[in-house]
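Below is one structure, written out as structure tokens; the observations come after it.
Every number here is computed from the coordinates shown, using simple stated rules; none is lab data. All of these numbers come straight from a predicted model, not from anything done at the bench. Positions of Cβ are generated from backbone atoms using ideal geometry, with glycine treated the same way; all protein chains shown enter the neighbour counts.
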Amino acid sequence: MKYSKDEFLKILSNYQGILHKVSLIYFRDKADREDNFQEIVYQLWKSFSKLQKANNLGAWIYAVAINTSISMLKKGKRMEYRENLPEIIDSKDSYNEMDFNEDVNNLLNAICRLNVIDKSIMLLYLEEKSYEEISEIIGISKSNVGVRISRSKDLLKQNLKN
């Protein structure tokens, strides 16, 4: 199946919230989140022509966004300049302007203390993805997803008490 640039932009417009959520979990600095957003869009575009099934777009977008964010963390440096995104895509960090209540901020801070894989798993879990979907996106077994969620919940409880 071959997609056009317009189809890509429409899909991206519909799913850009995922990109912002993933960036928020991995990067606390606004500029880093915006850079990460741009890099995710670039990586999505690079792999878009290889996308075969339109019925699992969300999982594909999550997988690319998470893998790109983890790669960005490993690089530990800013990304190179990319062309500006079309206006249909809002690369502005909408989470920077949101006034989260104290509980949400505490939860975000606790999640940010988890390791990179567990951050992704908890994000997907909070998005109410099934263990099977999380397993597919992250690339680990369903039983491992359950174990990691249980351990992460314990760590989050402990971190939130402190």
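Worth a mention:
- Note on Lys10 and Asn106: their simple-model spin labels are 4.5 nm apart, each label 7 Å out from Cα toward Cβ.
- Debye intensity ratio I(q)/I(0), log10, segment 99-162, q values 0.24 Å⁻¹ (C-alpha model): -0.98
- Förster-model FRET efficiency, 25 Å R0, Lys46 and Ile117, C-beta, rounded to 0.05: 0.60
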